[in-house]
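Novice: Could you have a look at this structure, given as structure tokens, before my questions?
The values are calculated or read from the model by the stated rules, or taken from the named source; none is laboratory data. Since the structure is predicted, the reported quantities are computational estimates derived from the model, not experimental observations. Cβ atoms come from the backbone with ideal geometry, glycine included; neighbour counts cover every protein chain shown. Side chains are part of the model used for accessible areas, which takes the heavy atoms of the whole protein and leaves out ligands, DNA and RNA. Shrake-Rupley method; radii C 1.70, N 1.55, O 1.52, S 1.80 Å.
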Amino acid sequence: MSTPVIEVRDVSAGYPGGPPVLDRVSLTVERGSRLVLLGANGSGKTTLLRCLCGSHVPASGSILVEGEPLGHDRRSLRAHRRRVQLVMQDPDDQLFSADVRQDVSFGPTNMGLPRDEVLARVDEALDLLSVTHLADRPCHQLSYGERKRVAIAGAVAMRPDVLLLDEPTAGLDPAGVRETVAILARLRDQGTTVVLATHDVDLALARGDRAAVVVDHQVVSGGVGEVLSDAGLVARARLDQPWPLALAQRLGLPGHPRGLDEVVGLLQAP
């Protein structure tokens, strides 16, 4: 069995003056997978993402990257952020340059890469996110959905092994959600490991490989269909079950269907 790209071992984390947000949680992130983090507002999803990217130091426990403990000194974090990138929920927390091309080039430029390499990475990221036509636009003139895609492009230009996305579909209209889903598919095809925090349980079921529910300061993880079929767990996390699973359970069907076609297939099974 291959070494997980990231492994969380008995991590506790919180903030000064408050109770623990995460209490001895453990989690593995397999290379090339799409792991979906689910939970109520304030449950600890963002704290966990920040621990994974190295911006939040756990109170106890350890985070292993390719089997090696993650250090929090400047040199270790600089190397880590070449491999693991976090895209925050609000793109305005990340976009600060005069135009799109400058913003996307910031990370590769700070890596000290040759100019030709920086330009190649920027063009590649803009194309992957379908925002090449926005390259010379001022960031403040972009729509919310466009700013989200540009923020992701800035992370993708670093060519990370792992991309952490905090609520990438929040605030988007249906077309924006579809575009984001297409982006996730392209990232998967490129071999990027994606960890996605979301409230969208239907998106999680349709696009995730594994799910981790953050609830009561703990993390419960497993196959996405298995985890989201646990009605008690989903209710404790203040979520709704995805409609294919809820429908299958009401009809007494086995398995974990991800959509209408799979529900129909179970109904037609001998």
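Novice: In region 157-182, what count of residues is obtained for those that are open to solvent by 10 Å² or more (accessible area, probe 1.4 Å) and closer than 14 Å to Val84 by Cβ?
Specialist: The number of residues fulfilling the criteria is 5.
Novice: Somewhere in region 227-236, is a residue in contact (Cβ under 8 Å) with a residue 12 or more places away in the chain and acidic (Asp, Glu)?
Specialist: Scanning region 227-236, I find no residue that is in contact (Cβ under 8 Å) with a residue 12 or more places away in the chain and acidic (Asp, Glu), so the answer is no.
Novice: Working only within region 253-265, note down all residues that are in a helix (DSSP H, G or I) and buried (at least 18 other Cβ atoms within 10 Å of the Cβ). It would help to see each step written out before you state the result.
Specialist: Kept after step one, since they are in a helix (DSSP H, G or I), are these residues of region 253-265: 260-265.
Val263, the sole residue that qualifies.
Novice: Would you confirm, using the coordinates I've provided, whether Gly154 is crowded, with 20+ Cβ neighbours inside 10 Å and under 20 Å from Cys53 (Cβ atoms)? Reasoning before the result, please.
Specialist: On the way: crowded, with 20+ Cβ neighbours inside 10 Å: yes; under 20 Å from Cys53 (Cβ atoms): yes.
So Gly154 fits the description; yes.
Novice: Hey, could you check region 1-42 for residues that are among the charged types (D, E, K, R) and in contact with an Asp or Glu (Cβ under 7 Å, 6 or more places away or on another chain) and say which is least open to solvent (accessible area, probe 1.4 Å)?
Specialist: Taking region 1-42 as the starting set, the residues that turn out to be among the charged types (D, E, K, R) are 7, 9-10, 23-24, 30-31, 34.
With in contact with an Asp or Glu (Cβ under 7 Å, 6 or more places away or on another chain) added as a condition, the list becomes 24, 34.
Numbers: Arg24: 153, Arg34: 37 Å².
Going through the qualifying residues, I end up with Arg34.
Novice: If you scan region 170-218, which residues turn out to be of a type in the set (Ser, Thr, Tyr) and farther than 27 Å from Asp10 by Cα? Reasoning before the result, please.
Specialist: Filtering region 170-218 for residues of a type in the set (Ser, Thr, Tyr) gives 180, 192-193, 198.
Once the filter is applied, which keeps residues that are of a type in the set (Ser, Thr, Tyr) and farther than 27 Å from Asp10 by Cα, region 170-218 yields only Thr180.
Novice: If I ask for residues that are among the aliphatic types (A, V, I, L, M) and either touching a helix residue (DSSP H, G or I) at 6+ places or on another chain (Cβ under 7 Å) or at pLDDT 95 or above (or both), which ones from region 91-118 would you list?
Specialist: Scanning region 91-118 gives Leu95, Val100, Val104, Met111, Val118.
Novice: A further question follows. Thr3 passes all but one of (1) out of contact with any helix residue (DSSP H, G or I) (no Cβ under 6 Å at 6 or more places or on another chain); (2) modelled with pLDDT of 90 or more; (3) under 24 Å from Arg207 (Cα atoms); which number fails?
Specialist: That leaves (2) as the condition not met.
Novice: When Thr193 is evaluated against the numbered criteria (1) in contact (Cβ under 8 Å) with a residue 24 or more places away in the chain; (2) open to solvent by 10 Å² or more (accessible area, probe 1.4 Å), which criterion, by number, is the only one it fails?
Specialist: The single condition Thr193 does not satisfy is (2).
Novice: If I ask for residues that are within 26 Å of Val21 (Cα to Cα), surrounded by fewer than 19 Cβ atoms within 10 Å (Cβ to Cβ) and touching a Pro at 6+ places or on another chain (Cβ under 7 Å), which ones from region 61-116 would you list?
Specialist: If the condition is that a residue be within 26 Å of Val21 (Cα to Cα), surrounded by fewer than 19 Cβ atoms within 10 Å (Cβ to Cβ) and touching a Pro at 6+ places or on another chain (Cβ under 7 Å), then Ser62, Arg83 are the ones that fit.
Novice: I'd like the residue in region 235-252 that is farther than 17 Å from Val224 by Cβ and part of a loop (DSSP other than H, G, I, E, B) and, out of all such residues, is most open to solvent (accessible area, probe 1.4 Å).
Specialist: Arg238
Novice: Right, here's the next one. Can you find a residue in region 134-149 that is surrounded by fewer than 22 Cβ atoms within 10 Å (Cβ to Cβ) and at positive phi?
Specialist: no
Novice: Considering region 208-225 alone, what residues qualify as being more than 23 Å from Gly255 (Cα to Cα) and acidic (Asp, Glu)?
Specialist: If the condition is that a residue be more than 23 Å from Gly255 (Cα to Cα) and acidic (Asp, Glu), then Asp216 is the only one that fits.
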